[in-house]
Amino acid sequence: MRVQADWLQARSSRAVFSLLGDAGWQVYAVGGAVRNTLLALPVNDVDFATDAPPETVLDLAKRADMTAIPTGIDHGTVTIVTHGQSHEITTFRKDIRTDGRHAHVVFAASLTEDAHRRDFTMNALYLDQDGRIFDPLHGIDDLHARRLRFIDNPEARIKEDYLRILRFFRFYAQFGDPSGGIDTEALAAVAQNADGLALLSKERIGAEMRKLLDAPNPAPSIASMTGSGVLHRVLPGADGSGLAPLVHLEETADLRGDWRVRLALMGGEDLAGNLRLSRAEARRIDQLRGLVASPALIAELAYRHGEEVALGVALLRAAYAGQPLEQELKQRISAAAQQTFPVRAADLAELPPGPKLGARLRQIEQRWIDSGFALNKEELLQ
């Protein structure tokens, strides 16, 4: 089987293939780039696997005047920068010992050995420079069936890196087929090993949860996380039962889901700490949750806080109430966000600068908002 892809012909990809291939080493694009190409999805990063030792990769890159960084050389990974693109090049390897966070590896000689140490069958796909697919673990069948399966024994794969518990739910949200159901053997292994999540950093947990909630429809995954006890472990107090109605509202309004809005709906204890949110992310989520209970109409929120915030609040209010979104909501929000208050302090020359002037301006502004932005300057000043 051969495939064609723009990234395969890109100068940076060709340079990596040539660097190692011309020196007699095996080299393949692997993982997400291959998976996404077969699913006709965008490819953002291209990683490579090779039988060349990492020291050899560094030496070859140096002789070719390429920038090479030993980013994970203990695990066989070198980052090469060429033609403005960064690529991770990892030597075939197999894990021999792990504590659930850090693996001790030995380098392997074959592509098949390398495939067996990866997480899911759909990620154990390799592509050579001519576009030929190598599929040692029958991942293509699972990929086309949108079936997410751990490689070999699910419990063994999880114990190699407990982050794979969250990756399991994230990949199911991104690539799985909910109508086919989640892999029950894998789900059982996840539930039995959920204690291992305590070994993970909050940064790694937060990064996976962002990606999961950014999937087109994370509701089935969050429901499975709840049932297996995983959601409570990573985000105590969160409730994902309202996600499905929220996603439905997003779809009917042709809106791309915003993970911050979805997280605001789910709630939970100490979101910023448990997921290591940035200050800006935490402020936005707090703002959304606060404005949901505000008496202000959506048009006023759009004028005061912008389109993005107003749309988020409108979705949350509708999801909580179990109601559809208002007709032409996006157009009305966009129009309100572009309004400019026609009265200025200079128009109230009879009042000296100070609190009374500010209060009068706010009063007039509220009248203008309550009129649907219909009153003009003259009418407001009467």
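Bear in mind that the values in this text are calculations on the coordinates, not laboratory data. Just so it is clear, the model here is predicted, and its values are computed rather than measured. Here the Cβ is made from the backbone with ideal geometry for all residues, glycine too, and neighbour counts use every protein chain on show.
Points to keep in mind about this one:
- Taking the charge dipole of the chain about its Cα centre, with +1 at Lys and Arg Cβ atoms and -1 at Asp and Glu Cβ atoms, the residue from Thr37, Ser12, Ile298 reaching farthest to the positive side is Ile298.
- Spin-label pair Glu378/Glu203, simplified geometry with 7 Å Cα→Cβ offset, distance in nm: 6.2
- Seen against the Cα atoms of the chain and their longest principal axis, helix 307-321 is set at about 90 degrees.
- Set against the 2.2 N^0.38 Å expectation for a compact globular protein, the chain has a Cα radius of gyration ratio of 1.26.
- Placing +1 on the Cβ of every Lys and Arg and -1 on the Cβ of every Asp and Glu, with no other charges, gives the chain a dipole of roughly 760 debye about its Cα centre.
- Each principal axis of the Cα cloud of the stretch 341-381 was taken in turn, and the coordinate range along them, longest first, works out to 28, 16, 11 Å.
- Under 11 Å, Cβ to Cβ, from Ala318 - net charge with Lys/Arg +1 and Asp/Glu -1: -1
- Here r is the Cβ-Cβ distance between Leu348 and Asp370 and R0 is 25 Å; the resulting FRET efficiency, rounded to 0.05, is 0.85.
- When the chain is treated as a Gaussian network with alpha carbon springs shorter than 10 Å, the biggest mean-square fluctuation among Asn123, Asn44, Asn153 belongs to Asn44.
- Rg to Rh quotient for the stretch 235-339, alpha carbon positions, Kirkwood Rh: 0.96
- Highest-MSF residue in the chain out of Ala264, Ala345, Ala194 [GNM, Cα springs under 10 Å]: Ala345
- In the stretch 212-291, GluC sites (Glu not before Pro) in a DSSP loop with at most 15 other beta-carbon atoms within 10 Å: Glu269
- Acute angle (nearest 10 degrees) that the helix 163-175 long axis makes with the longest principal axis of the chain, alpha-carbon atoms: 70
- Available extension along the chain between Phe341 and Arg2 is 116.0 nm, counting 0.36 nm per residue and deducting the alpha carbon span.
- Sum of -39500 (n - 2.57) over DSSP H runs of 4+, divided by residues of the chain (222 nm, nearest 500): -14000 deg cm²/dmol
- Computed on the Cα atoms alone, the convex hull of the stretch 160-260 gives a volume of 98 cubic angstrom per residue.
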